[in-house]
Amino acid sequence: MILVLRALGVGDLATGVPALRGLRRAFPREELALAAPAWLAPLVELADAVDRLVPVDDLTPRPWTLAPPRLAVNLHGRGPQSHRLLASARPSRLLAFACPAAGFGDGPEWTFEEHEVARWCRLVAWYGVRVDPYDLRLRVPVARDVPTGTTVVHPGAKARERRWPPERFADVARALAADGHRVVVTGSANEEGLAAAVARSAGLDDGALLAGRTDAADLAALVAHARLVVCGDTGVGHLATAYEVPSVILFGPMPPRLWGPPDRPWHVALWPGPGGRSDPALLRISAADVLAAADAALAAAPERVRAR
């Protein structure tokens, strides 16, 4: 068995898909288990690379209930906590970045200025696993009861510094709706208040508010059949990449060269450069900037998306 650790969120899972697929191809006859949060199970299935999900929410030490794996692969971080957690599963071999603090000298050196997809591809490639960094696509979920052809506006983000002002999201949603877009506002259950405020300020009807009403599979289906996605640097943007849906993604303070979409004309990453405490970069992005980027992304959209 191969045990892979990636106990993070939607975007983290999506950026790890090429490395997971490389491991799947390299070891086609071995069970591949992914240690990740249980709520990600529907998305893990859509990657078509994992045989079993082992529920792990964080790096807290735990007793493993599985047999010692032949290989353990750290796609979570540079250590030492993640290295130690995997080592406690007693694998025959650990594939990970070098981490002297964890007593692990094997593996390549960690590089800070590296795109997240490239980082994990480089790690497994160092151990001889062939990988395609553009192998990001997820399988489209089977038919689900979600609207199709929508423009998804997702105003939330886990980190406060990555959140664009809600009133600007509302300005964008209002303008897109006036231009004929069927706008829906998404978010987690914790972001329902934020999403409701955006939808209300934009003058959208009650059916446009989907925050707290979609699980991971519903969200994937919604994005897979969407016309456009507008969001901050968060997991929904990575779903747009996975389904080749036109997107406008607002970055700050993290630049898109580290977490942004691949170089495709229908994915537009907005980043006005680094900011400071008194001048957050995100605040230099206007609603007009986002609307212009949306026009550009839609004009470059794949033909199958333009028909939506």
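Mean 1/r over all different Cα pairs, inverted: what Kirkwood radius does the range 69-175 give, in Å?
For the range 69-175, inverting the mean 1/r across all distinct Cα pairs yields 17.6 Å.
So what's the range 4-126 giving for Rg/Rh, alpha carbon basis, Kirkwood Rh from the mean inverse pair distance?
Radius of gyration relative to Kirkwood radius: 0.92.
Using a Gaussian network model on the chain with a 10 Å cutoff between Cα atoms, which of G149, G203, G235 fluctuates the most?
Among G149, G203, G235, the largest mean-square fluctuation in the Gaussian network model of the chain belongs to G203.
Viscosity 1.567 mPa s, temperature 4 °C: Stokes-Einstein D of the range 177-308 from its Kirkwood Cα radius, in µm² per second?
Translational diffusion coefficient: 84 µm²/s.
Can you tell me the Rg and Dmax of the range 62-110, counting just the alpha carbons, in angstroms?
10.2, 31
Given a 1.4 angstrom probe, what's the average accessible area per residue across the chain, in square angstrom?
On the way: 13620 Å² over 308 residues.
Computed with neighbouring chains in place, this is 44 Å² per residue.
Would you check the accessible area of D58, probe 1.4 Å, heavy atoms only, in square angstrom rounded to 10?
70 Å²
Determine the share of the range 104-222's accessible area contributed by carbon and sulfur atoms, expressed in whole percent, with a 1.4 angstrom probe.
Values: 2920 of 5920 Å².
Carbon and sulfur atoms account for 49 percent of the accessible area of the range 104-222.
Taking the inverse of the average 1/r across all pairs of different Cα atoms in the range 124-185, what Kirkwood radius in Å do you get?
For the range 124-185, inverting the mean 1/r across all distinct Cα pairs yields 15.4 Å.
If exposed means no more than 11 neighbouring beta carbons inside 10 Å and the site is in a DSSP loop, what's the longest run of the chain without any exposed GluC sites (Glu not before Pro)?
Answer from the scan: 114-308.
Mind putting together the pair-distance distribution for the range 163-232? All Cα pairs, 10 Å bins, whole percent per bin, short to long.
Spelled out per bin, shortest first, that is 21, 58, 21.
Build a GNM of the chain with springs between Cα atoms under 10 Å: which of T151, T234, T214 gets the top mean-square fluctuation?
Highest fluctuation of the listed residues: T214.
May I ask for the percentage of alpha-carbon pairs in the chain that lie more than 30 Å from each other? Can you show the working numbers first?
Numbers: 16107 of 47278 pairs.
Roughly 34 percent, once rounded to a whole number.
Evaluate the charge dipole of the range 32-164 about its Cα centre and quote only its size in Debye, nearest 20, assuming +1 on the Cβ of each Lys and Arg and -1 on the Cβ of each Asp and Glu.
240 debye
Quick one: net charge of T234's neighbours, Cβ under 14 Å, K/R +1, D/E -1?
-1
How about the range 114-163: which chymotrypsin sites (Phe, Trp or Tyr not before Pro) there are in a DSSP loop, with at most 15 other Cβ atoms within 10 Å of their Cβ?
Y134
The values are calculated or read from the model by the stated rules, or taken from the named source; none is laboratory data. All values derive from a computational prediction rather than experimental measurement. Ideal geometry is used to build each Cβ from the backbone, glycine not excepted, and the neighbour counts take in all protein chains shown. With ligands, DNA and RNA removed, areas are computed over all heavy atoms of the protein, side chains included. Shrake-Rupley method; radii C 1.70, N 1.55, O 1.52, S 1.80 Å.
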